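The next block holds one structure in the form of structure tokens; read it before the comments.
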Amino acid sequence: MSDKPNSELSTVYNAREIENEIYKFWEENDCFKADSSSKKEPYSIVIPPPNVTGVLHMGHALDGTLQDILIRYNRMQDKEVLWMPGCDHAGIATQNVIEKNLHKKGLSRFDLGREKFLETTWQWANEHKNRILEQFKLLGASFDLSRKRFTLDEGCSNAVKKVFVDLYNKGLIYKGSYIVNWCPRCQSAISDVETNYETEPGHLWEISYALKDQMGAIVIATTRPETMFGDVAIAVNPNDYKYKDLIGKTCVMPLTGRNIPIIADEYVDKSFGTGALKITPAHDPNDFEVGLRHNLAQIKVIDEKGCMMQNEYVPPQIQGLTREEARKKTVKMLEEHQVLVRVSEHTHNVGKCQRCNTTIEPLLSKQWFVKMKPLAKPAIEAVKNGSIKFIPQRWEKNYLMWMENIRDWCISRQLWWGHQIPAYYHNKTGEMVVALENPDPNNYTQESDVLDTWFSSGLWPFETMGWPNINNPDYQKFYPTTTLVTGFDIIFFWVARMITMGLEFTKKPPFSTVYIHGLIRDEFGQKMSKSKGNTIDPVDLIEKYGCDALRFTLTYLCTYGGQDIKISDEKFEFGRNFANKIWNASRFVLMNISKDKIFDSVDTTNLSIADKWILNELNETIKSVNENIKNYRIGEIASILYEFFWSKYCDWYVELSKIEKNEQVLVYILAQYLKLLHPIMPHITEAIWQKMPVKKEKKGILFENYPKYLEKFEFNSDAKKMETVFETIKALRNLRAEFNIPLASKIDIIIDKDENLYSQIIPYLKRLAKVNSIKFEKDSSIKKSACCTVSDTKITVPLEDIIDLKQEIIRQQKKMDKLLGELNSLNQRLNNEKFIKSAPFDVVEKTKNKKQELEAEIKIIKNTITKLS
RNA sequence: GGGCGUUUAGCUCAGUUGGUAGAGCGCCUCCCUUACAAGGAGGAUGUCGGGAGUUCGAGCCUCUCAACGCCCACCA
């Protein structure tokens, strides 16, 4: 592209063409590369690594835009910034994709075997892992791709192994048989946070268990009769008088005839169901606990596929059936045996696999766990003492509640795609060694389970910086990172685990601020999902409206409270229109300034009130943008910048410049503005910047220093004067509209003030209100005229031919009524002694001033009406 | 059961320590004024979910009720 200053911008703003060109320019100049040897203050963000299987979605677009804004803003603060990109191997998600592909060919992963399967998956992952980061480029992401990482790459794998071995050696990782959430489809254990509960209609079956050696029976209630074959006891509450005498007795299970004891346990709720509960430790987490307390056996009757096992405990007719079939059959058999006492409708919560929505089977199995309580302690402390701050703060409560009630984390997965657990078993003795390497590959076999994906993502902020080599320059310079930007949906999955792991292994919080934004939803507030078919593809939006338009719109919609964001395609017209406005205004400025001149300063000795006004406005804008970004009020910034450019610079200053212009100021404001906007709309600002006739010492606008508030441009009183001019122009335009006077016919006006008060603004009035002549007379005698007021100034417009005096009286009367209403409410306040006494001085003053203004205005209108009548 | 959020113009939403309500879109009138019709000028529209309280003053603070949404827990 031509970076020759002062060359014209193209007539039509073609967003995509410009954006591609500009991104290429940054890439070719290596603009995003972080320098770990820099002396500048560091600022770093690690990207929430998108799934390697993924394609860019609106969530990434928002998350990426916000990160890029922070990165670009801080780069312009002259900090050494690093935005670390990368992907997550996404264990279950990726494996599901590959298995689905195999399934189409009629194959399962077992047909291929582990080695071949992994080979296929790696190949697939390598083909795809660049895709999503390439798509991030379309967002204008200024991340350092030379540092790109993958959670399964060598460095991350080493970090994972080290963490695992260390935690094991510290006694914080253990292996054991526990009830876990088992997904029969994924064929793996999953963690508690990967289990979603859905309310489903079901039944409560009451089944009678006969007492042994005596008359009578005990009736239990269950929602899952098929698990009864794994029963090892009936439990009742020790304080339940109904059952007092039965405790310690034995009963006979229906259908199988096995004998089980009746035990007492506080866990049983007397008021639910029949007050008697069957205990199935191998298939229910609560029963599992009860079983441990009472030393009961654990009888497994459902297998890993969710089918009834073929063992002595399950009746032959039931063996091999699926859970669902088994339930029906069991109920039928119970009916036949006349032990089904009652069936009632009962809605209850059923666990579902987050990945595939299959109903979870609580299953007893051998798994690896991380002991979380000791790790959680410092993680709680770090948030409580403020070394990690959540924005908005309310998420801290959420985080703390979860952390304070944390349970052990099941980290083993019966998958193949992932970090294989570094535990090795002796082929003969079964002896287990946990170590970084296999002690003897001939005699030891590695644990087949892999780790939960979030185990490696939990190390992301430091494993990407070269840890465990703490001398790595990146680690030295950029760790701990500064800000983490993410949605609230992964606070538990990811944020919490990074904090615990970061504190445990680096003794530092991995970031100081967690900026949580809302989720993107469709126009009806529904979560976007492929299966619902309500997704909007950000790539399509970029093609249609441009990247900057997408970024600006999303930013504008991103409010401080972190509310979810409802979007629809048309909403992005907002950003597109704005980009177009910026382009055209800039084009106008570049076309209307002296050629071949460099504007590098503003001469403050020769400024009009309009110049002072806009400089003052810019100053205010700079101040509030800087304040707001520090407080993560990023949406606010978008709206401030929109307002300044459109309603101040374009609507007024650029218009005024058509009458009388100060090229220095015209260019200066635009140049400063481009910098202010650059973090949000990087491409268009860079493109225009390249053509700006200003001094450029840096490689691009992205390296320019972000504008700062300048006291020399404080012009409050002049700015106020200018506001009066605007009020006057607006009043005249308004009058025109009301009398239907076309702009083509110019008007004469009479102002009841001294001429020298207005000398500066006469040209503005002439041009912007299409005024022909201006007279200055205290008391105009023209009767056939309309008038408008600006505070205590009366402007008379003779309208010989047009005016209907009766109508005009009505119009003025209406105005006066409105003003009288306002005056009335002001008087009420001012007549209230308590108001005068307790309200702050400036509020009282303001009210008094307002009152005087109103009174003056009312007086003028009153006189006018008298004159007209 | 516990926690959180939302309720403001027809729609989508802002509204920072309490000072008397705003934007975009849509709607109505006029205008192709040589940066922009993806534009310009003007206009209409709100008992700020209901009720009570604190205060001179409440969209904002307190209590309460209601509706919707989310998260955690998981009584078979």
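The values are calculated or read from the model by the stated rules, or taken from the named source; none is laboratory data. Since the model is a prediction, treat every value here as computed from it, not as a measurement. All Cβ positions, even for glycine, are placed from backbone atoms using ideal geometry, and neighbour counts span all protein chains on display. Heavy atoms of the whole protein, side chains included, go into the accessibility calculation; ligands, DNA and RNA do not. Shrake-Rupley method; radii C 1.70, N 1.55, O 1.52, S 1.80 Å.
Some notes on this structure:
- The listed residues are A:Tyr673, A:Tyr653, and the only one of them that is outside any loop (DSSP other than H, G, I, E, B), more than 8 Å from RNA strand B (Cβ to nearest atom) and over 28 Å from the mean Cα position of the chain (by Cα) turns out to be A:Tyr653.
- The listed residue being within 13 Å of RNA strand B (Cβ to nearest atom), modelled with pLDDT of 85 or more, open to solvent by 70 Å² or more (accessible area, probe 1.4 Å) and assigned to a helix (DSSP H, G or I), out of A:Lys846, A:Lys818, A:Lys851, A:Lys862: A:Lys846
- Some residue of the stretch A:335-349 being in a helix (DSSP H, G or I) and more than 16 Å from A:His283 (Cβ to Cβ): yes
- For A:Trp417, the criteria (1) among the hydrophobic types (A, V, I, L, M, F, W, C); (2) surrounded by fewer than 24 Cβ atoms within 10 Å (Cβ to Cβ); (3) in contact (Cβ under 8 Å) with a residue 60 or more places away in the chain hold in every case but one, which is (2).
- Filter result for A:Gly275 (out of contact with any His (no Cβ under 7 Å at 6 or more places or on another chain), more than 14 Å from RNA strand B (Cβ to nearest atom), of a type in the set (Gly, Ala, Ser) and free of Cβ contacts under 8 Å to residues at least 40 places away in the same chain): no
- For the residues A:Gly562, A:Gly525, the requirement of being part of a loop (DSSP other than H, G, I, E, B), buried (at least 20 other Cβ atoms within 10 Å of the Cβ) and within 15 Å of RNA strand B (Cβ to nearest atom) singles out A:Gly562.
- Pairs are defined by a Cβ separation below 7 Å, a sequence spacing of at least 6 or placement on different chains, a first member in the stretch A:286-313 that is within 18 Å of A:Asp265 (Cβ to Cβ), and a second member that is open to solvent by 70 Å² or more (accessible area, probe 1.4 Å); the pairs so defined are A:Asn286/A:Tyr267; A:Val290/A:Tyr267; A:Gly291/A:Gln298.
- From the options A:Ser594, A:Ser624, residue that is touching a helix residue (DSSP H, G or I) at 6+ places or on another chain (Cβ under 8 Å), small (Gly, Ala, Ser), open to solvent by 20 Å² or more (accessible area, probe 1.4 Å) and more than 8 Å from RNA strand B (Cβ to nearest atom): A:Ser594
- Matching strands (runs of 3 or more DSSP E) fully within the stretch A:705-804 where at least 1 residues are in contact with a strand residue (DSSP E or B) (Cβ under 7 Å, 6 or more places away or on another chain) and of a type in the set (Asp, Glu): A:747-751
- When A:Lys366, A:Lys373 are screened for being part of a strand (DSSP E or B) and open to solvent by 40 Å² or more (accessible area, probe 1.4 Å), only A:Lys366 passes.
- Residue ranges of strands (runs of 3 or more DSSP E) in the stretch A:215-286 with at least 2 members out of contact with any Phe, Trp or Tyr (no Cβ under 9 Å at 6 or more places or on another chain): A:259-264
- Qualifying residue in the stretch A:71-79 (condition: under 29 Å from A:Leu484 (Cβ atoms), without any contact (Cβ under 8 Å) to a residue 60 or more places away in the chain and not in a helix (DSSP H, G or I)): yes
- Contacts under 6 angstrom Cβ, first residue in the stretch A:628-643 being near RNA strand B (Cβ under 7 Å from one of its atoms), partner aliphatic (A, V, I, L, M), 6 or more apart: A:Asn628/A:Ile637
Conditions tested, residue by residue: (1) hydroxyl-bearing (Ser, Thr, Tyr); (2) open to solvent by less than 10 Å² (accessible area, probe 1.4 Å); (3) modelled with pLDDT of 90 or more; (4) within 14 Å of RNA strand B (Cβ to nearest atom).
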site	(1), (2), (3), (4)
A:Met228	no, yes, yes, yes
A:Tyr241	yes, no, no, no
A:Pro285	no, no, yes, yes
A:Ile299	no, no, yes, no
A:Lys332	no, no, yes, no
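- Among the residues of the stretch A:130-174, those that are basic (Lys, Arg) and modelled with pLDDT of 95 or more comprise A:Lys137, A:Arg147, A:Lys148, A:Arg149, A:Lys161, A:Lys162, A:Lys170.
- Pairing residues of the stretch A:825-841 that are open to solvent by 90 Å² or more (accessible area, probe 1.4 Å) with residues that are more than 6 Å from RNA strand B (Cβ to nearest atom), at Cβ distances under 7 Å and at least 6 apart in sequence or on separate chains, gives A:Arg829/A:Thr847.
- Residue match in the stretch A:157-166 (condition: within 16 Å of RNA strand B (Cβ to nearest atom) and either of a type in the set (Phe, Trp, Tyr) or more than 30 Å from A:Cys31 (Cβ to Cβ) (or both)): no
- Residues of the stretch A:1-35 that are part of a loop (DSSP other than H, G, I, E, B), at pLDDT 95 or above and not aromatic (Phe, Trp, Tyr): A:Asn29, A:Asp30, A:Cys31, A:Lys33, A:Ala34, A:Asp35.
- With respect to the stated conditions, A:Asp192 fails to be over 30 Å from A:His419 (Cα atoms), of a type in the set (Asp, Glu) and either in contact with a Cys (Cβ under 6 Å, 6 or more places away or on another chain) or within 12 Å of RNA strand B (Cβ to nearest atom) (or both).
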